[in-house]
1. Using the count of nearby Cβ atoms within 10 Å as a rough guide to exposure, how do Phe191, Phe99 rank from fewest to most?
2. What does the net charge come to around Val145 if you take all other residues with beta carbon closer than 13 Å to its beta carbon, with K and R at +1 and D and E at -1?
3. Taking the Cβ of Glu98 as the centre, find all other residues whose Cβ is under 15 Å away and add up their charges (Lys, Arg: +1; Asp, Glu: -1).
4. Using 10 Å bins from zero, what percent of all Cα-Cα pairs in region 56-176 falls into each bin?
5. Any idea what the relative contact order of region 50-101 is, in percent, if you count C-alpha pairs under 8 Å spaced at least 6 apart?
6. Under the Kirkwood approximation for Rh and a Cα-based Rg, what ratio Rg/Rh is obtained for region 126-184?
7. Relative to 2.2 N^0.38 Å, what does the C-alpha radius of gyration of region 47-123 come to as a ratio? Two decimals please.
8. Take Glu190, Glu112 and order them by how many other Cβ atoms sit within 10 Å, fewest up front.
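Nothing in this text is a laboratory measurement; each read-out follows from the coordinates by a stated rule. Nothing here was measured: the structure is a model prediction, and the numbers come from that model. A quick note on method: Cβ atoms are made from the backbone with ideal geometry, for glycine too, and the neighbour counts reach across all protein chains shown.
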Amino acid sequence: MKRWPTNLTRKTVTFVLSFAAIIAMADGLSGARPFGAQILHHAQAQDAAQTGRVSSLPIPRFVSLRTDPVNLRSGPGVRYPVSWVYQRRYLPVEITDEFDTWRRIRDVDGAEGWVHQSMLSGQRTGLVSADTSPLYKGSTPSSAVIAQVSSGVVITVDRCPAQTEFCLVEAGSHKGWLRRGLFWGLYAEEFID
């Protein structure tokens with residue numbers, strides 16, 4: 001049985017030890033980074049071709065926003081401040097890290113932050129980047145053009161076969177083939193069947 005000095009109570013010793021632990025954690029932080037960000041920094045420095053620690057899915061990978069609005073937070077948890085609010089459902093984003101039920105994402109403009117996994121969907125979408133892009137009836141440039149898709153339009157990506165440079169997409173009420181490289185949300189060597 002431990003004996004406490006007569007002038008100290010167990011509560012006082014517990015408080016002193018807890019305070020020392022908080023000081024030690026604070027000393028380990030650099031700048032104004034939250035504690036979670038310090039732990040995750042090492043994982044972000046790893047090689048790009050990896051799998052998520054939580055989901056075992058590839059990192060990085062493209063997903064889309066399930067709903068709107070979606071809060072982008074500075075760290076993996078609701079205690080971290082909201083740095084941006086997305087108001088666009090189905091917007092494609094890239095998952096770059098995982099922590100528990102939180103996913104670090106990057107958008108088309110390079111903004112990064114954390115969102116809860118429930119706000120993300122595995123549905124593949126793309127954001128048209130060219131001023132106007134022809135949507136073809138077939139998967140060759142000699143096919144008939146059925147529509148012109150403007151920059152900033154969110155498309156649903158159905159298929160991107162290996163044997164063609166086109167992807168089958170939906171843009172509004174139109175379904176057709178859009179050339180790879182004219183939208184953000186697909187890696188250069190990625191194929192979707």
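1. Working: Phe191 14, Phe99 19.
In order of increasing Cβ crowding within 10 Å: Phe191, Phe99.
2. Working: positive: Lys137, Arg179; negative: none.
Once positives and negatives cancel, what remains is +2.
3. Values: positive: Arg53, Arg61, Arg73, Arg103, Arg104, Arg106; negative: Glu94, Asp97, Asp100, Glu112.
Net charge in that neighbourhood comes out at +2.
4. Reading upward from the zero bin: 13, 40, 28, 15, 4, 0.
5. Values: 83 pairs, mean separation 22.5, N = 52.
Relative contact order comes out at 43 percent.
6. Rg divided by Rh gives 0.91.
7. Scaled against compact globular proteins, the figure is 0.99.
8. Numbers: Glu190 14, Glu112 18.
With the fewest neighbours first, Glu190, Glu112 line up as Glu190, Glu112.
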